[in-house]
Amino acid sequence: QVQLVESGGGLVQPGGSLRLSCAASGRIFRFYNMGWYRQAPGSQRVLVASIASDGSIRYVETVKGRFTISRDNAEKMVYLQMNSLQPEDTAVYYCRADMNYREYWGQGTQVTVSS
């Protein structure tokens, strides 16, 4: 069982930055594939970035060059550094963990980009 708690969301102006954090429980965190997803109002939840247990990273095209995902296995943390934020990045951001066909989700953190 894994519990995930996101933090770091908030209101930011266009062009600003935020760093999201996801704190995970569980003794075998390092074996989990981790990801950040987002869901805008009226839209489906979609993948933003992922970092596998082997460290391989993927980004959705719209955030490449602006967002950076990272993990700290010792601290059981996953981060999403978001730079050059735009209004279209406004969404609830969720942390997800998966391993062996089991998945776990956090409760989400709101990111609002507005002037």
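The values are calculated or read from the model by the stated rules, or taken from the named source; none is laboratory data. Computed from a predicted structure; not experimentally measured. Cβ atoms come from the backbone with ideal geometry, glycine included; neighbour counts cover every protein chain shown. Note: accessible area is taken over every heavy atom of the protein model, side chains too, but ligands, DNA and RNA are not part of it. Shrake-Rupley method; radii C 1.70, N 1.55, O 1.52, S 1.80 Å.
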What size of dipole, in debye to the nearest 20, comes out for the chain about its Cα centre when the only charges are +1 on Lys and Arg C-beta atoms and -1 on Asp and Glu C-beta atoms? 160
Over the Cα atoms of the range 1-52 the radius of gyration and the largest Cα-Cα distance (Dmax), both in Å, equal 13.3, 38
Alpha-carbon spread of the chain, three principal axes, descending order, Å: 42, 26, 22
Heavy-atom surface of the chain, accessible at 1.4 Å and reported per residue (Å²): 55
How much FRET efficiency would the formula 1/(1 + (r/R0)^6) give for MET99 and ALA40, where r is the Cβ-Cβ distance and R0 is 25 Å, rounded to 0.05? 0.35
Got a number for carbon plus sulfur as a percent of the chain's accessible area, 1.4 Å probe? 47
Selection from LEU47, SER21, TYR32, by position along the positive dipole direction of the chain (Cβ): TYR32
